[in-house]
1. Quick check, is residue 74 more than 15 Å from residue 177 (Cβ to Cβ) and touching a residue at least 60 places away in the same chain (Cβ under 8 Å)?
2. May I ask you to say which residue of 59, 32, 48, 23 is in the same structural domain as residue 225 (by TED's automatic domain parsing) and under 27 Å from residue 286 (Cβ atoms)?
3. Of all residues being surrounded by 19 or more Cβ atoms within 10 Å (Cβ to Cβ) and modelled with pLDDT under 95 in segment 43-56, which is nearest to the chain's Cα centre (by Cα)? Just the residue, please.
4. Please tell me if residue 148 is within 26 Å of residue 16 (Cα to Cα), touching a strand residue (DSSP E or B) at 6+ places or on another chain (Cβ under 7 Å) and surrounded by fewer than 18 Cβ atoms within 10 Å (Cβ to Cβ).
5. Looking at the structure I just gave you, is residue 120 without any contact (Cβ under 8 Å) to a residue 24 or more places away in the chain and out of contact with any strand residue (DSSP E or B) (no Cβ under 6 Å at 6 or more places or on another chain)?
6. Given the options 181, 134, 117, 159, name the one that is outside the structural domain of residue 42 (by TED's automatic domain parsing), farther than 17 Å from residue 45 by Cα and surrounded by 17 or more Cβ atoms within 10 Å (Cβ to Cβ).
7. Go through (1) out of contact with any strand residue (DSSP E or B) (no Cβ under 7 Å at 6 or more places or on another chain); (2) assigned by TED's automatic domain parsing to the domain that holds residue 286 for residue 245 and report which single condition fails.
8. Name every residue in segment 83-114 that is surrounded by fewer than 11 Cβ atoms within 10 Å (Cβ to Cβ) and in a loop (DSSP other than H, G, I, E, B), in order of residue number.
């Protein structure tokens, strides 16, 4: 018998298997929980594995706060072969002999891809043109190249070199395509390349070490309450400044009354953070608020009542 809490709002952390779309993971989570609404905070390509943050019911309204965080990946770059998708699922478009490169030269190439960079999004991606994903245009033989985007590679480390493979790890900004990073490194080494494997290790404060496989998740759904295997909305926003509402302020928030700096100061929220989570006495998330442009008042991002 499935054990489901009446107050089923929070995050389920899944270790996505290979050869499954992110939408497929969301569908299975939604079906297992019989939830009204399930979303995710960051797409993974079908060939990729690793961390997926699934938002359940009211928590879908918080997805925006997890989309822009740093991400960490481990990848396996296959040198000498380029594909149209920049990963192992695509068609081979070029094969070149791998030049003899001293390890020092390889390290120099990797170092050149750290910091702030401009990256061309792949034509096989979920970005949209006139409302249609780019990968659909590409499959119809009409690939569309979007303009370069600014990304940041905070860290890039070679883990192992086993010709024709280089295994590496990177911490990068949101919006980075790691398969494009791998393909660009291959070009810089003079032979091209594609990603054979990709695994997301971390995203927005969550780690794959805390994730469940879909099989583990489905077993726990049938034997445990939601709060035992899910992350609550308050807990998930662990890096956001916190304030606690008394009954007077709670009444204001529930009725949508504009909040002043004095109201926010009464919650104990310190500093001038852009976003503040307002917590009730029972530690449940009541609202997320944001400073307006003047800094004198706050507007509501979302209210939970």
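1. So residue 74 fits the description; yes.
2. The unique qualifying residue is 59.
3. 44
4. On the way: within 26 Å of residue 16 (Cα to Cα): no; touching a strand residue (DSSP E or B) at 6+ places or on another chain (Cβ under 7 Å): yes; surrounded by fewer than 18 Cβ atoms within 10 Å (Cβ to Cβ): yes.
Criteria not met by residue 148.
5. Values: without any contact (Cβ under 8 Å) to a residue 24 or more places away in the chain: no; out of contact with any strand residue (DSSP E or B) (no Cβ under 6 Å at 6 or more places or on another chain): yes.
No: the conditions fail for residue 120.
6. Among 181, 134, 117, 159, only 117 is outside the structural domain of residue 42 (by TED's automatic domain parsing), farther than 17 Å from residue 45 by Cα and surrounded by 17 or more Cβ atoms within 10 Å (Cβ to Cβ).
7. Exception for residue 245: condition (1).
8. 91, 97, 100, 102
The values are calculated or read from the model by the stated rules, or taken from the named source; none is laboratory data. Predicted model only: the values in this text are computed from it and were never measured. With ideal geometry, Cβ positions are generated from the backbone for all residues, glycine too; neighbour counts draw on all protein chains shown.
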